[in-house]
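The values are calculated or read from the model by the stated rules, or taken from the named source; none is laboratory data. None of these values were measured; they are calculated from a predicted model. Glycine gets a Cβ as well: all are built from the backbone with ideal geometry, and neighbour counts include every protein chain shown. We work out accessible area using only protein heavy atoms, side chains counted, and drop any ligands, DNA or RNA first. Shrake-Rupley method; radii C 1.70, N 1.55, O 1.52, S 1.80 Å.
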Amino acid sequence: NAGVMQNPRHLVRRRGQEARLRCSPMKGHSHVYWYRQLPEEGLKFMVYLQKENIIDESGMPKERFSAEFPKEGPSILRIQQVVRGDSAAYFCASSPNELAGLNEQFFGPGTRLTVL
Amino acid sequence: AQTVTQSQPEMSVQEAETVTLSCTYDTSESDYYLFWYKQPPSRQMILVIRQEAYKQQNATENRFSVNFQKAAKSFSLKISDSQLGDAAMYFCAYRSASGGSNYKLTFGKGTLLTVNP
């Protein structure tokens with residue numbers, strides 16, 4: 001059973017370009033979470049999605065950032081007009097259903113975004 | 001809002017020795033979950049151990065154990081018989097058990113553990 005897949009693992013963009021980060025959850029998982037890890041910081045929650053629904057995007061910057069999890073295909077985190085401050089590692093996690101008890105969020109390996 | 005504090009940016013331990021990583025948190029909730037994650041140089045986040053707040057008994061997973069002090073809001077991780085493969089960044093994390101945001105993990109800033117041969 002393959003784990004959470006993220007691609008690309010490394011992404012370099014120039015200021016003003018768009019970045020698209022992809023996350024394929026574990027098989028059978030329909031809940032996806034995105035976190036951002038700035039340099040020398042812990043991970044911070046960005047957004048929680050279920051298939052075709054954004055449940056909570058309270059951690060996402062109001063501008064330039066968007067996320068989707070379509071009925072078919074991976075979840076996409078999109079950053080428009082990237083700036084240097086967007087440089088970070090972006091992690092995706094998934095769970096089979098709504099988290100309860102000690103149920104675990106399974107993390108992917110992350111995408112490291114570098115903005116030149 | 002909950003906060004998680006890891007006061008040790010870096011720690012080191014000799015191979016086969018024991019090391020304890022500190023974590024404190026702030027919350028007004030009575031029911032919640034606490035986790036320790038390991039992030040090796042590959043950056044993959046790996047769950048090490050987890051604890052339910054309403055369980056008094058400290059969780060253990062092989063060489064890893066926690067000291068959970070609910071009144072003090074402290075959740076330290078003890079690694080016994082340290083191995084070279086334990087070298088990594090360790091993150092303490094909190095998750096609420098109730099309310100509308102019980103899926104969010106709140107992480108500390110991490111402790112970088114070095115294991116010396």
key: Cβ-placed point charges (K, R +1; D, E -1), dipole of the stretch A:29-116 about Cα centre in debye, nearest 20   = 260
remark   = In Å², rounded to a whole number, the accessible area per residue of chain A with probe 1.4 Å is 50
task = Would you mind telling me which residue in B:77, B:34, B:47 has the biggest mean-square fluctuation in a Gaussian network model of chain B, where springs connect alpha carbons within a distance under 10 angstrom?
result = B:47
query = Do you know the relative contact order of chain A, to the nearest whole percent, from alpha carbon pairs under 8 angstrom that are 6+ apart?
reply = 36
message = Probe radius 1.4 Å, ligands and nucleic acids ignored: give me the carbon and sulfur share of the accessible area of the protein assembly as shown as a rounded percent.
response = 46
task = Note the buried accessible area between B and A here, summed over both chains, with a 1.4 Å probe, in Å² to the nearest 100.
result = 2000
query = Per residue, how much accessible area does chain B show when a 1.4 Å probe rolls over the protein heavy atoms, in square angstrom?
reply = 48
task = Please name the residues of the stretch A:80-116 whose accessible area, counted over protein heavy atoms with a 1.4 angstrom probe, falls by no less than 20 Å² between the chain alone and the full protein assembly.
result = A:91, A:99, A:101, A:102, A:104, A:105, A:107, A:109, A:112
task = Would you be so kind as to identify which of A:66, A:97, A:12 lies farthest towards the positive end of the dipole of chain A, taking Lys and Arg as +1 and Asp and Glu as -1 on Cβ and the Cα centre as origin?
result = A:12
remark   = For the table B:70/B:109; A:51/B:70; A:62/B:70, the rows whose alpha-carbon distance is greater than 30 Å are A:51/B:70; A:62/B:70
remark   = Taking Cα pairs closer than 8 Å and at least 6 residues apart, the relative contact order of chain B in percent is 37
Charge dipole of the stretch B:25-117 about the Cα centre (unit charges at C-beta), most positive-ward option of B:56, B:110, B:74 = B:110
query = Any residues in the stretch B:42-67 that have 10 Å² or more less accessible area with all protein chains than in their chain alone, probe 1.4 Å, and which are they?
reply = B:42, B:43, B:44, B:45, B:47, B:50, B:52
request  = Just check the protein assembly as shown against the gyration tensor rule for me: Cα atoms, a ≥ b ≥ c as the square roots of the eigenvalues, rounded for a/c under 1.5, and otherwise prolate or oblate depending on whether a/b exceeds b/c.
outcome  = prolate
key: GluC sites (Glu not before Pro) within the stretch A:64-116, DSSP loop, no more than 10 other Cβ atoms inside 10 Å   = A:72
key: Members of the stretch B:85-113 that become less accessible by 20 Å² or more once partner protein chains are added (1.4 angstrom probe, chain alone as reference)   = B:91, B:95, B:102, B:103, B:104, B:105, B:107, B:109
Unit charges at the beta carbon, dipole of chain A: most positive-side option, A:80, A:25, A:110 = A:80
remark   = If every Lys and Arg gets +1 and every Asp and Glu gets -1 at its Cβ, then about the Cα centre the stretch B:25-117 yields a dipole, in debye to the nearest 20, of 120
query = To the nearest 0.05, what FRET efficiency results for residue B:52 and residue B:1 with a Förster distance of 25 Å applied to their C-beta separation?
reply = 0.75
ask   = So how strong a dipole does the protein assembly as shown carry about its Cα centre when Lys and Arg Cβ are +1 and Asp and Glu Cβ are -1, to the nearest 20 debye?
value = 720
